Structures are given as structure tokens and as C-alpha cells.
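Notes to accompany the following structure.
The values are calculated or read from the model by the stated rules, or taken from the named source; none is laboratory data. Computed from a predicted structure; not experimentally measured. All Cβ positions, even for glycine, are placed from backbone atoms using ideal geometry, and neighbour counts span all protein chains on display.
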Amino acid sequence: MTEDRMERLKSGALGREAKTIEVMIRKHCRDKGHSADGQLCRECQDLLAYALKRLACCPYGHKKPVCNKCQIHCYRAKEKQQIADVMRYSGPRLIFTNPILAMDHMIKTVMVKPPEKPRNRKAA
């Protein structure tokens, strides 16, 4: 992955999405006892790296909708199940640990209409 793509995760909407998913994965890993030393276990490290890579490559860019409203399903089946488990556990708890991230996500879930599916090909 180019540095250019990962640079997109440092600010704006994609930056908040990246921070949100990292916080959720860390909470899930810690609370489920995957790692005793406060670090992410190998499986959660891999999931975070995969999620950030997919986020950095999102064709919507900073106009990205929340994943459950997105018209593009960019996760492989295994990772999709893993991230669903993480979100199901950490999502409701996020309001207590990171209320600003939680509120931003809830607002986007309710208020933001997903944009049209981007096309790779130019119209002829």
C-alpha cells in the first residue's frame, strides 16, 4: 500500500473512522482476554491492519458512509465476521469510553445517506 493511501487516514472523516475502528478492536481484544499485557493479540493486530488497509483504499474517500450502509462490501468473509463480532461487542460500549467517536458514528448512521456506488470506468 502506498503512503499516499495511508495518509488519508490521518485526518477528516477517514481519520475518525480509523480511530473508531482501532478503539473498538482494542476494547474487544482487552475485554475478551485475548492479551494480558495490554497489547493487541496477533489476530486483532491482523484484523486492525486489514481494516485500516480497506479503509485507506475506500473509493468513497472522506465521503464514506458507515459500513452497514455502504453499497460496497470490501471485507472478505472471515474478516467481515470478525469485524461484526468486534462491532457488536464494542459498539454499545463506545459511548462510555469515547463518547465523541460514538456520537459521530451514530449521527452518520442516522443522518448520512450513502452516495452512489462509484464506478471505476469512465462513461463512453
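Is it true that residue 49 is among the small types (Gly, Ala, Ser), farther than 24 Å from residue 113 by Cα and either in contact (Cβ under 8 Å) with a residue 12 or more places away in the chain or part of a helix (DSSP H, G or I) (or both)? Criteria met by residue 49. Quick check on region 17-53: of everything there that is basic (Lys, Arg) and out of contact with any Leu (no Cβ under 7 Å at 6 or more places or on another chain), which residue is surrounded by the fewest Cβ atoms within 10 Å (Cβ to Cβ)? Only one residue tops the list, namely 42.
Taking region 74-109 as the range and being basic (Lys, Arg), surrounded by 13 or more Cβ atoms within 10 Å (Cβ to Cβ) and either touching a Pro at 6+ places or on another chain (Cβ under 6 Å) or more than 23 Å from residue 60 (Cα to Cα) (or both) as the test, only 93 passes.
Within region 54-73, the only residue that satisfies the criterion of being exposed (fewer than 15 other Cβ atoms within 10 Å of the Cβ), within 18 Å of residue 11 (Cα to Cα) and basic (Lys, Arg) is 63.
Counting just the residues of region 9-46 that are among the charged types (D, E, K, R) and outside any helix (DSSP H, G or I), which one comes out nearest to residue 99 (Cα to Cα)?
The first filter runs over region 9-46 and keeps only residues among the charged types (D, E, K, R), leaving 10, 16-17, 19, 22, 26-27, 30-32, 37, 42-43, 46.
Checking the rest, the ones that are also outside any helix (DSSP H, G or I) come to 32, 37.
On the way: 32: 21, 37: 25 Å.
The selected residue is 32.
Yes or no, residue by residue, for (1) within 12 Å of residue 23 (Cβ to Cβ); (2) modelled with pLDDT of 85 or more; (3) assigned to a helix (DSSP H, G or I):
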{"position": "82", "(1), (2), (3)": "no, yes, yes"}
{"position": "85", "(1), (2), (3)": "no, yes, yes"}
{"position": "92", "(1), (2), (3)": "no, yes, yes"}
{"position": "96", "(1), (2), (3)": "yes, yes, yes"}
{"position": "102", "(1), (2), (3)": "yes, yes, yes"}
{"position": "105", "(1), (2), (3)": "yes, no, yes"}
{"position": "114", "(1), (2), (3)": "no, no, no"}
{"position": "119", "(1), (2), (3)": "no, no, no"}
{"position": "124", "(1), (2), (3)": "no, no, no"}
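Of all residues in region 32-56, those satisfying the criterion of being modelled with pLDDT under 90 and out of contact with any Cys (no Cβ under 6 Å at 6 or more places or on another chain) are 32, 33, 36, 37, 38, 39.
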